[in-house]
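Colleague: Please see the structure below; I have some questions.
Coordinate-derived values only; no laboratory data. Here the structure is a predicted model, which means the values were calculated and not measured. When we count neighbours, we look across all protein chains shown, and the Cβ atoms used for this are built from the backbone with ideal geometry, even at glycine.
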Amino acid sequence: MKQTWRWFGPDDPVQLAHVRQAGATGVVSALHHLNDGRAWPADEIATRKASIEASGLEWSVVESVVVHEDIKTRSGRYLELIENYKGSIRALAAAGIRIVCYNFMAITDWTRTDLDYPMWHGGTALRFDIVDFCVYDLLVLKRAGAEADHPADRIDAAKRRLAAMSEGSLAKLEANLIGWVPAREFIHDREGFRRALDLYRDVSPEGFRQNLFTFLREIVPVAEEAGVRMAIHADDPPFPLFGLPRVVSNAEDIAALLAAAPSPSNGLTFCTGSLGANRRNDLPAMAKRFASDIHFAHLRNVTKEPDGSFHEAEHLDGDTDMVAVVAALLAEERRRKEEGRPDWQIPMRPDHGHAIVDDIGKKVNPGYSCIGRLKGLAELRGVMRTLEQLAG
Ligand code: DNO
C-alpha cells in the first residue's frame, strides 16, 4: 500500500520534513483556506503541489473537497456550488491528483467530546463520551426533540454529571463539539449551531440520502471523465448526533450509495476508525465486500465502551482486527495488479495518533500528532511488510 500522511498545509506544525522521516511517500492535503464552496483555482493547486514535491513527496490524495451545506440540503446556492465542485474535480485532475476524499455529514465533521483523554501509558487520545454528549445536546443546547434521542439512564447520568461540571470543562466540551477541530471546515457558536440545525428540521434521513444520491449522479460522471476516483468518508461517529440524518454509517448505506451511481469513480475512503465505532460493523468483512470500491484507507482503531462511548486505541489494538483488514486490502491490491491496473496501490494513512513523547504539551492539531502517528504508521508498516512477504 502507498504510505501517506495527512498534512494540513504550510501552517501544520508537523512539517513535510517530518513526513519524510516518518517514512511516508505520499501526502494527503487540501486547500482548507478555500473551503467555502468556490472552485479551486489551478494556480492554488499548483502551488500546494509544488511545495509537496519540493520535499520529495507526492500529493496522492485530496482530503477533502468540502461538500457545502447548501448542496447537502439542496437549498440556497446549491446549483452554482455543484458547478464549482465539478470545477475543482477537473482542476485537480488536470494537476494529476486523482483521488478525492469527501464526506456527506450534516453540519458536523468528525465529533469527539474529549481531545485529551488520558491513556494508561501517560499520553492522551481522542474520546467520544456519550454521557457528555447528552449533557451538551439535551441540557446545554436544549435541542428540541433531544429527550427522545437519549435513554432515561443516560439522561439521569447526564444530569448528575452536569451538576458536577466546572464552567471550564463545560466550555471545553462545547468547543470540542461545535467549534474547531482539524478539518472541521465550518465552526459555530451556540446560536449559529442552532440556526444550522434548523435548516435540517425538515430533512428526513431518506430525503438526505436522496440528496447524496442526486449529488453523486451529478458529480460522478464528471469525475469519471476526468479520471478521478471519488472516495466518500463514513460518518464519524457512525450513528446520528443532534437528531441529524446519517447516511454513510454501515454496509447497507455503502451498498446503496455505490448502487446509486455505479462507476469506478464512485468509491470509498475506508475508515476503520469511523466505521469501527459501531458494534454492528464488521470491518474485515466490509473490507472484503467492498474491496474493489476502496480508493483510499484510513487505518485507526477504537475501543468501544458498553454505553456507546468509545476512545481511539493504538492502531493495532482496539476492537478492530487490523491485521485482517490490512490482509483484505493487500489481497485487493494483488487483484488489481493482476488486472494490469497501473494505479493498483491503495493509499493508506495512519489516521489519528495518540499524543505521546514529544507530542505532549506541543501545539499540534488534535489527533494529528507527529510521534503518535509515526508510531501508528511504523506498526502498520510492519503488518503490511509481513503479510506481503507471507503472500510471496
Ligand atoms: C478526521 C478526518 C475527517 C475527514 C473528513 C473527510 O480526522 O478523518 O475530518 O477528513 O471527514 O471528508
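Colleague: Taking θ = phi - 60°, what integer Hz values does the Karplus form 6.51 cos²θ - 1.76 cosθ + 1.60 yield along the stretch 215-229, in sequence order, with x for Gly and Pro?
Modeller: Ordered by residue, 3J(HN,Hα) equals 4, 4, 5, 7, 9, 4, x, 5, 4, 4, 4, 7, x, 10, 9 Hz.
Colleague: Take every DSSP beta bridge whose two residues both sit in the chain, then give the antiparallel share in percent to the nearest 5.
Modeller: 25
Colleague: Cα gyration tensor of the stretch 246-313, axes a ≥ b ≥ c as square roots of the eigenvalues: rounded (a/c below 1.5), prolate (a/b > b/c) or oblate?
Modeller: Verdict is prolate for the stretch 246-313.
Colleague: Using only the alpha carbons, work out the radius of gyration and Dmax of the stretch 159-290 in angstrom.
Modeller: Reported Rg and Dmax, both Å: 17.6, 57.
Colleague: Ok, one more. Given R₀ = 35 Å, FRET efficiency for Arg194-Met119 by Cβ-Cβ distance, to 0.05?
Modeller: 0.55
Colleague: Give me the extension gain from Lys288 to Arg77: residue separation times 0.36 nm, minus the current Cα-Cα distance, reported in nm with one decimal.
Modeller: Going from the current span to full extension adds 72.1 nm.
Colleague: To the nearest whole percent, what portion of all C-alpha pairs in the chain is separated by more than 33 angstrom?
Modeller: 28
Colleague: Then there is this: Using only the alpha-carbon atoms of the stretch 102-152 as identical scatterers, what base-10 log of I(q)/I(0) does the Debye formula give at q = 0.14, 0.17, 0.25, 0.27 Å⁻¹?
Modeller: -0.50, -0.68, -0.99, -1.04
Colleague: Sticking with this one: What is the mean projected area of the alpha carbon convex hull for the stretch 95-215, to one decimal in square nanometres?
Modeller: Seen from a random direction, the Cα hull of the stretch 95-215 projects 11.0 nm² on average.
Colleague: Run the simple label-point estimate for His33 and Arg335 please: 7 Å along Cα→C-beta, distance reported in nm.
Modeller: Placing both labels 7 Å along Cα→Cβ, they lie 4.3 nm apart.
Colleague: For the stretch 1-66, what does the alpha-carbon gyration tensor say about shape, rounded, prolate or oblate, given a ≥ b ≥ c as the root eigenvalues, a/c under 1.5 as rounded, and a/b over b/c as prolate?
Modeller: Taking the square roots of the gyration eigenvalues as a ≥ b ≥ c, the stretch 1-66 is prolate.
Colleague: Separate question: Relative to a virtual label point 7 Å from the Cα of Ser263 in the Cα→beta-carbon direction, which members of the stretch 215-248 show backbone nitrogen distances below 20 Å?
Modeller: Within reach of a label on Ser263: 215-234, 248.
Colleague: Place +1 on the Cβ of every Lys and Arg and -1 on the Cβ of every Asp and Glu in the stretch 66-185, take the dipole about the Cα centre, and give the residue among Gly123, Asn103, Ser169 whose Cα lies farthest towards its positive end.
Modeller: Of the candidates, Asn103 comes out farthest on the positive side.
Colleague: What does the helix-only formula give at 222 nm for the chain: each DSSP H stretch with n ≥ 4 adding -39500 (n - 2.57), the total divided by the residues, and the result rounded to the nearest 500 deg cm²/dmol?
Modeller: -13000 deg cm²/dmol
Colleague: Moving on. Residues with amide H under 5 Å of His68's amide H, sequence separation 5 or more or different chain, H placed in the peptide plane at 1.01 Å from N; which?
Modeller: none
Colleague: Hey, got the dipole for the chain? About the Cα centre, +1 on K and R Cβ, -1 on D and E Cβ, debye to the nearest 20?
Modeller: The calculation lands at about 440 debye.
Colleague: Another question about this same structure. How large is the charge dipole for the stretch 115-260, taken about the Cα centre, if only the Cβ atoms of Lys, Arg (+1) and Asp, Glu (-1) carry charge, to the nearest 20 debye?
Modeller: Magnitude of the dipole: close to 320 debye.
Colleague: Starting from the amide H of Val27, placed 1.01 Å from N in the peptide plane, find each other amide H under 5 Å away whose residue is 5 or more places distant or on another chain.
Modeller: Trp5, Glu58, Trp59, Ser60, Val61
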